[in-house]
Amino acid sequence: MVQTVHAVTRLADAGIRITSYRESDMIDLTTPHGELVLSVFAFLAKQESSIKSERAKRGIASAKAKGVRVGRPPGSKDRRPRTRRHFRNPVSG
């Protein structure tokens with residue numbers, strides 16, 4: 001969240017003005033009000049990311065508790081070295 005505000009501040013210091021035209025009123029991110037709005041949006045984005053991660057972890061735990069296999073299919077790691085070898089020594093056709 002702080003990194004987003006710092007990035008916008010650095011851009012503003014470089015003479016780049018950032019505004020949002022998608023909101024109902026134009027938001028100028030270089031003003032104190034705009035910085036507040038940006039901070040709120042950044043916080044909400046971070047929270048949403050955390051919530052998605054938590055849901056995914058709970059879903060995986062639930063699947064494991066039900067006995068569902070989670071992760072790569074069996075044997076998928078065995079094919080990778082052969083594929084690499086094939087690309088190192090391609091067969092001309």
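The values are calculated or read from the model by the stated rules, or taken from the named source; none is laboratory data. This is a predicted model, so every value here is computed, not measured. Every residue, glycine as well, gets a Cβ built from its backbone with ideal geometry; the counts of neighbours run over all protein chains shown.
Considering only residues that are closer than 17 Å to Ala7 by Cα and assigned to a loop (DSSP other than H, G, I, E, B), which ones fall in region 22-63?
Across region 22-63, the qualifying residues are Leu29, Thr30, Thr31.
Inspect region 76-87 for any residue being surrounded by fewer than 10 Cβ atoms within 10 Å (Cβ to Cβ) and modelled with pLDDT of 75 or more and give the result as yes or no.
Scanning region 76-87 turns up no residue that is surrounded by fewer than 10 Cβ atoms within 10 Å (Cβ to Cβ) and modelled with pLDDT of 75 or more.
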